[in-house]
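The values are calculated or read from the model by the stated rules, or taken from the named source; none is laboratory data. Just so you know, these numbers come straight off a predicted model, no measurement behind them. All Cβ positions, glycine included, derive from the backbone under ideal geometry; neighbour counts span all protein chains shown.
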Amino acid sequence: MILLEGQTCYLRILTEDDASRFTELLIANKDYWSVFEPRHEASYFSVNVQREKIREALYQMRDRREYNFGIFDAETSQLIGHISLYSIKRLPFSSGFVGYSIDERQTGKGFGTEAVHLLTQFAFEKVALHRVEAFVSPRNTGSVKVLEKAGYSQEGLLRKLLYINGVWEDHYMYAVVEDHF
């Protein structure tokens, strides 16, 4: 099991045993996270679906194509978010994407920044990537701040990149390369 420890939080690979707690987190943040994420069917918010998604992520991890972590408060061990390193490509790219969400009740406390930093360090040191990228909505100022504080730089605007809540939305491309981290 992979565990990445920080000052305020730690990241741990989600397992099937986390499905209930993770589903509760999704339900609690359904409206908050839906502003910047695609809509989900009602069945998405069930323990069975989340258990299956976690199982699939574990298969992806075995193939070194994706790493799906829970974000836990270091003091309480409460699950407060999730973060993934996904779409991993090997040479000639040697890159992957980071995606994350923090419980609405825990935003503004530095958890997101530390989680992104921990995952990025893991991507460079353990997964041996050269570049980590992230998409972020220009309207998501909190997430923009997280990426910038974690050492990412804006590289451009991708027009009408993602279909979210019935609208094609622009997203910034942020990235960091290993020799700048």
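Observations on the structure shown:
- Candidate set: segment 111-164, residues that are in contact with a Phe, Trp or Tyr (Cβ under 7 Å, 6 or more places away or on another chain) and in a loop (DSSP other than H, G, I, E, B); chosen: the one farthest from E37 (Cα to Cα): G151
- If the condition is being out of contact with any helix residue (DSSP H, G or I) (no Cβ under 6 Å at 6 or more places or on another chain), more than 30 Å from R90 (Cβ to Cβ) and of a type outside the set (S, T, Y), then segment 24-65 contributes E24, L25, A28, K30, D31, W33, V35, R39, H40, E41, A42, N48.
- Among the residues of segment 166-181, those identified as touching a Ser or Thr at 6+ places or on another chain (Cβ under 7 Å) and either over 17 Å from E114 (Cα atoms) or at pLDDT 95 or above (or both) are E169, H171, Y174, A175, V176.
- Residue that is surrounded by the fewest Cβ atoms within 10 Å (Cβ to Cβ), among those in segment 1-44 that are among the basic types (K, R) and part of a helix (DSSP H, G or I): K30
- Some residue of segment 116-129 being out of contact with any helix residue (DSSP H, G or I) (no Cβ under 7 Å at 6 or more places or on another chain) and modelled with pLDDT under 95: no
Every residue, every condition in (1) of a type in the set (K, R); (2) closer than 24 Å to I27 by Cβ; (3) touching a residue at least 60 places away in the same chain (Cβ under 8 Å), yes or no:
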position	(1), (2), (3)
S87	no, no, no
T107	no, yes, no
G110	no, no, yes
E114	no, no, yes
V146	no, yes, no
R159	yes, no, no
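- Selection over segment 50-76 of residues that are touching a Ser or Thr at 6+ places or on another chain (Cβ under 6 Å) and in a helix (DSSP H, G or I) gives a count of 1.
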